[in-house]
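First up is the structure itself, then whatever we jot down about it.
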Amino acid sequence: RSQEVSQARIDYHVALQALQEQGTRMVCTGKMHTDRICRFDYLCYSSEAEEFVFFQSNLSVMLPNLGSRRFQPALLDLSSVEDHNTQYFNFLELPVAALKFMPKPVFVPDATLILNRFNPDNLMHIFHDDLLPAFYTMKQYSDLDGEARLVFMEGWGEGPYFDLYRLLSSKQPLLKEHLRNFGKLMCFTKSYVGLSKMTTWYQYGFVQPQGPKANVLVSGNEVRQFASSLMKKMNITAGEASDQYVVIFSRSTTRLILNEAEVVMAIVQELQMRVVTVSLEEQSFPSIVQVISGASMLVSMHGAQLITSLFLPRGAVVVELFPFAVNPEHYTPYKTLASLPGMDLHYISWRNTKEENTVTYPDRPWEQGGIVHLEKEDQRRILKSKEVPRHLCCRNPEWLFRIYQDTLVDIPSFIELLKEASKTKLSLRKDKASSTVHPGRVREAQCQTSVQTTKEAKLSVSWQIPWNLKYLKVRDVKYEVWIQEQGENTYMPYILPQQNYTFSENIKPFTTYLVWVRCIFNKNLLGPFADVLTYFW
Ligand code: UDP
């Protein structure tokens, strides 16, 4: 079928001739395999060899041309998870002359994005590792519009949430197993390989214990635009709910809340709000998103379903519950999401501290937290421990044992938490996006000095407002001045409301000072420093 489509849309002989004459052409971004995305003309794939093929001719282009460093360890990461050794991409090379002896290629006319999904069985991984990165990779390259073809090379089946991947483009995504249907050799007319990691905020603990990425580059703004784009495609309009309500996201197979009815009662009584229960086992994903997009609060056990908090309205509260012996500070994918600048969610965690309220499952298989397969000694140690120590991904038995416990939520301590939450304000949708405009540099900064006595001097510094300030309404404008005596490695910082100041404390005559000035909006939006001022006496 696809073959017919391609022949309708491109002239087969023109394509074949282009491949034969020019071979494959590749130009990439990125210095390292971990930040690289490559654009190809005529990248081919042999379903027989299960390898991508780069055809070399005098006219082919390979930038970067790494030689055999291309295998150290790979050309690029095919998933958004950094430097994972099961997610590497590379190609084989062949001279174009080899085409003569190969099966006739089938050409794919669509602009194609080739990637690995990281874990398409888990909703958190689907959003964080695949959907958001693919969405913004497609924004980065204008060829990858709403009609781009996505190809998933990790080798898994569709998985339970394939419909979500279908929302990224109007064309049906292809799985690795589908590629054989195109014949022995297929060639992508135009393709991009790899995913942007710009939107990811969490690392799963492959080399150090899990936690927020060291350098988060995404803000709530981009996450919310992605969320509204998906909602539009699911035909969901964020309902203007007349009343405020709380959503409990319940899990029905593992990591249960054992007294959910009591928890619901506590919320109703304490917050005077309606409570809606949702679960992935009972509702369609779009209907869950519909409910969450109007909620004032989302309450859930730690788990992948909490990724749906990216559909909450601004100002909503996320309450994440943790089973006994699991420290909320050590597992923060949802806290980090809620706390992204501009995400405007309030995050609170609750932790079961009462061992008598936990239900353990030592007899289950190891991947659901069973421990009976372990040495008696290790079992005893795990059962005695009151907190899972920090650990690496992914098979730590103590972690799995504790995270798959069921929990009887202690109602008095849960009510305390709700009280705290309602203090932080449950001002549904009143939270307007706060401005994130940064100040420009201060202008015309100047220094003047005057000597008072042999020991005392004054240093007058003045400057003009940043250029963009005159177009803005900023609540709080302050200036920060750093004065450093030349040769010293410390400096004196000052915060000032006005545009000039005369410093006399600690200013010595005939001493050279370096002076930096910058503007600050609303306490935390820092501008750049103006060029350093140096005063020579
Ligand atoms: N899941 C669910 N109900 C359950 C248990 C799991 O819907 O009772 C879903 C969960 O949201 C996730 C997937 O099944 O998408 C895998 O769950 P797992 O417990 O393995 O991962 P976690 O939630 O800890 O990330």
Revision key, fill the gap. To the nearest Å², the heavy-atom accessible area per residue of the chain with 1.4 Å probe amounts to 48 Å²
Check your understanding: Any idea how far apart MET492 and MET198 come out in nm if each label point goes 7 Å out from Cα toward Cβ?
Key -> 4.3 nm
Check your understanding: Once you charge only the Cβ atoms, +1 for Lys and Arg and -1 for Asp and Glu, what is the size of the charge dipole of the chain about its Cα centre, to the nearest 20 debye?
Key -> 1260 debye
Revision key, fill the gap. Each label sits 7 Å from Cα toward the beta-carbon; between HIS438 and ASP243 the label points are separated, in nm, by 4.6 nm
Revision key, fill the gap. Between GLU93 and LYS376, the two model label points (7 Å from Cα along the beta-carbon direction) sit apart by a distance in nm of 6.1 nm
**Study point:** Over 20 Å (Cα to Cα) - which of LYS423/LYS478; LYS31/LYS176; LYS139/LYS232; LYS139/LYS171 fall in this group
**Key:** LYS423/LYS478; LYS31/LYS176
Check your understanding: Under a 1.4 angstrom probe, counting protein chains only, how are ASP130, ASP35, ASP143 ranked by accessible area, largest first?
Key -> ASP35, ASP143, ASP130
Review point. Between GLU355 and THR86, 0.36 nm times their residue separation minus their Cα-Cα distance comes to what?
Key: 93.0 nm
Check your understanding: What FRET efficiency would be calculated for the residue pair LEU392, ASN524, taking the C-beta separation as r and a Förster radius of 41 Å, to the nearest 0.05?
Key -> 0.75
**Study point:** Dipole-positive endmost among TRP156, GLN172, GLY194 within segment 138-205 (Cβ charges, Cα centre)
**Key:** GLY194
Check your understanding: Roughly speaking, what is the stretch gain from ASN221 to PHE206, that is 0.36 nm per residue apart minus the C-alpha to C-alpha distance, in nm to one decimal?
Key -> 2.5 nm
Practice item. Rank these residues by their accessible area, most exposed first, probe 1.4 Å: ARG274, ARG475, ARG70, ARG251. Key: ARG475, ARG274, ARG251, ARG70
Review point. Between segment 182-243 and segment 8-64, what's the alpha-carbon centroid distance in Å?
Key: 26 Å
Review point. In nm, what is the difference between 0.36 nm times the number of residues separating ASP163 and GLU329 and their Cα-Cα distance?
Key: 56.5 nm
Revision key, fill the gap. Filtering chymotrypsin sites (Phe, Trp or Tyr not before Pro) in segment 192-256 by DSSP loop and by at most 10 other Cβ atoms within 10 Å leaves none
Review point. What's the percent breakdown of Cα-Cα distances in segment 95-153 across 10 Å bins, shortest bin first?
Key: 20, 36, 25, 16, 3
Review point. So in the chain, what percent of DSSP beta bridges are antiparallel if you round to the nearest 5?
Key: 55 percent
Point to revise | Nearest-0.05 FRET efficiency for GLU420 and GLN172, computed from C-beta distance (R0 56 Å) | key: 0.75
Review point. What's the carbon and sulfur percent of the chain's accessible surface, probe 1.4 angstrom, rounded to a whole number?
Key: 50 percent
Check your understanding: segment 285-369: percent of C-alpha pairs farther apart than 15 Å?
Key -> 61 percent
Review point. Tell me, what is a quarter of the convex hull surface for the C-alpha atoms of the chain, in nm² with one decimal?
Key: 34.3 nm²
Study note, to complete from the structure: Over the chain, the sum of -39500 (n - 2.57) across DSSP H runs of at least four, divided by residue number and rounded to 500 deg cm²/dmol, gives at 222 nm -5500 deg cm²/dmol
Practice item. Can you tell me the FRET efficiency between GLU485 and LYS31 if r is taken as the Cβ-Cβ distance and R0 is 41 Å, rounded to the nearest 0.05? Key: 0.60
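The values are calculated or read from the model by the stated rules, or taken from the named source; none is laboratory data. Keep in mind that what you see is a predicted model, and the values were worked out from it rather than measured. Please note: Cβ atoms are built from the backbone with ideal geometry, for glycine as well, and neighbour counts cover all protein chains shown. Just the protein is used for accessible areas: all its heavy atoms, side chains included, with ligands, DNA and RNA removed. Shrake-Rupley method; radii C 1.70, N 1.55, O 1.52, S 1.80 Å.
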